[in-house]
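Below is one structure; the comments refer to it alone.
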Amino acid sequence: MKFIHITDPHIVPVPQTLCALDPRERLTTAIADINRHHRDAALTVMTGDLAYLGEPAAYRDLRTLLDALDMPYHLLVGNHDDRANFREAFPETPVDENGFVQYVVPTRAGHFVMMDTMEAEASFGIYCEKRFEWLEAQLTLLAGQPVFLFLHHPPFDIGINSLDASRLPDADRLANLIKKHGNVRYMFYGHVHRAVWGAWRGIPTSALPGTNHQVGLTLGDTDEMLGTHERPAYGVVLIEDDCVNVHLRDFIDESPRFPLLDKASKNAATAADLPSVPAEFVGI
Ligand SMILES: [Fe+2]
């Protein structure tokens, strides 16, 4: 099964921009690229920070943009979101019995469990008692079936102090719950605005750049959070035969494509085989 993971669009209402970029334009470009190259994906999951300041107008704009997507989409909330305004714009998104944006999506590869780690007025994540009870109930219901977790805040450090300060606490409790049930195969998260791959307590994990701005790689002692204009991306995720592959797609890349191998000899293509390179690429 193929699906799209995309995250942190930070939509602001027209005509605002953010970090000297236009989040709406960036998401529009991403959606057009998904439709062009991955129309066969089963669905898209967006892991939070849908709107930068959570205004109703931002969610209305987001809805208009997502209407162009040629597949079903499923949304999570992040620390920049406003749960009430989100629900007003996306009333069809399920919530749990306590109003948290938590729900389960059955797929051909297994069940996608969407978690709500948002704490109002805070940048850090919270997973409270009620939300834990919901997750425990879902994992119990899905006993013996593959589960893929989606959440905005990671429950672990990634080595960037400013982001680690706003991760999800209660890591041991979540890890113990996952271990007890034994059916979680993978964890997809947002929040960090960078491509990060790894494993946490034996569970493979990945995060992606945001569609607008990124967070600089400031490993070490500094607590400063740097914004950057590093390139955005979305993830093309393939799940087959109990194997997960995440391909990073730089959707603003316009560099030329050319055959790497000579068709006759199967050797590396020579310079003569290559198409003429646009002038703007010469010398890079
Ligand atoms: Fe974000």
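The values are calculated or read from the model by the stated rules, or taken from the named source; none is laboratory data. Worth saying up front: this structure is predicted, and the values here are computed from it rather than measured. Cβ placement follows ideal geometry from the backbone for every residue including glycine, while neighbour counts extend to all protein chains displayed. Calculation scope for accessible area: heavy atoms of the full protein, side chains included, ligands and nucleic acids excluded. Shrake-Rupley method; radii C 1.70, N 1.55, O 1.52, S 1.80 Å.
By how many degrees, between 0 and 90 and to the nearest 10, does the Cα long axis of helix 56-66 differ from the longest principal axis of the chain? Value to nearest ten degrees: 50. Modelled this way, with points 7 Å down the Cα-to-C-beta line, the labels at Arg87 and Ala195 are 3.7 nm from one another.
Across region 2-257 the C-alpha pair distances fall into 10 Å bins from zero in the proportions 7, 33, 39, 19, 2, 0 percent. In this structure the chain gives 47 Å² per residue of accessible area when probed at 1.4 Å with all protein chains present. Were the residues from Leu226 through Glu55 laid out at 0.36 nm apart, the gain over their Cα-Cα distance would be 59.1 nm.
Toward the positive end of the charge dipole of the chain, with +1 on the Cβ of Lys and Arg and -1 on the Cβ of Asp and Glu, the farthest Cα among Leu27, His229, Asn79 is that of Leu27.
Of the residues Arg108, Arg87, Arg131, the one with the largest accessible area comes first in the ranking Arg108, Arg87, Arg131, computed with a 1.4 Å probe on protein heavy atoms. Residues Met187, Met225, ordered by accessible area of protein heavy atoms at a 1.4 angstrom probe radius and largest first, appear as Met225, Met187. Of the residues Gly210, Phe124, Val104, the one whose Cα sits farthest toward the positive end of the charge dipole of region 2-257, with +1 on the Cβ of Lys and Arg and -1 on the Cβ of Asp and Glu, is Val104. Taking all Cα pairs closer than 8 Å and separated by 6 or more residues, the relative contact order of the chain comes to 17 percent.
Between the alpha-carbon centres of region 106-140 and region 159-216 there is a gap of 13 Å. The long axis of helix 171-181 is offset from the longest Cα principal axis of the chain by roughly 90 degrees. Computed with a 1.4 Å probe over protein heavy atoms only, the accessible area of Leu261 comes to about 100 Å².
Around the Cα centre of the chain, unit charges on the Cβ atoms of Lys, Arg, Asp and Glu (plus for the first two, minus for the last two) sum to a dipole of about 820 debye. Loop-resident GluC sites (Glu not before Pro) (DSSP state other than H, G, I, E or B) in region 1-101 with no more than 16 further Cβ atoms inside 10 Å of their Cβ: Glu92, Glu97. Using a cut-off of under 18 Å, list every residue of region 97-123 whose amide N is near the label point 7 Å from the Cα of Leu43 along the Cα-to-beta-carbon line. Once the point is set 7 Å along Cα→Cβ of Leu43, 97, 100-117 turn out to lie under 18 Å by backbone N, inside region 97-123.
The solvent-accessible area of Thr47, taken with every protein chain present and a 1.4 Å probe, is close to 0 Å². Here the calculated FRET efficiency for Ala137 and Asp164, from their Cβ-Cβ distance with R0 = 30 Å, stands at 0.50, rounded to the nearest 0.05. For the set Glu254, Glu129, Glu136, the ranking by accessible area, highest first and with no ligand, DNA or RNA atoms included, is Glu254, Glu129, Glu136 under a 1.4 Å probe. In this structure, the amide hydrogen of Tyr52, modeled 1.01 Å from its nitrogen in the peptide plane, lies closer than 5 angstrom to those of Ile11, Val12, counting only residues at least 5 positions away or on a different chain. Once the Cα atoms are used to define both axes, helix 23-37 deviates from the longest principal axis of the chain by about 70 degrees. Computed from the C-beta positions of Asn176 and Phe124 and an R0 of 25 Å, the FRET efficiency is 0.75 to the nearest 0.05.
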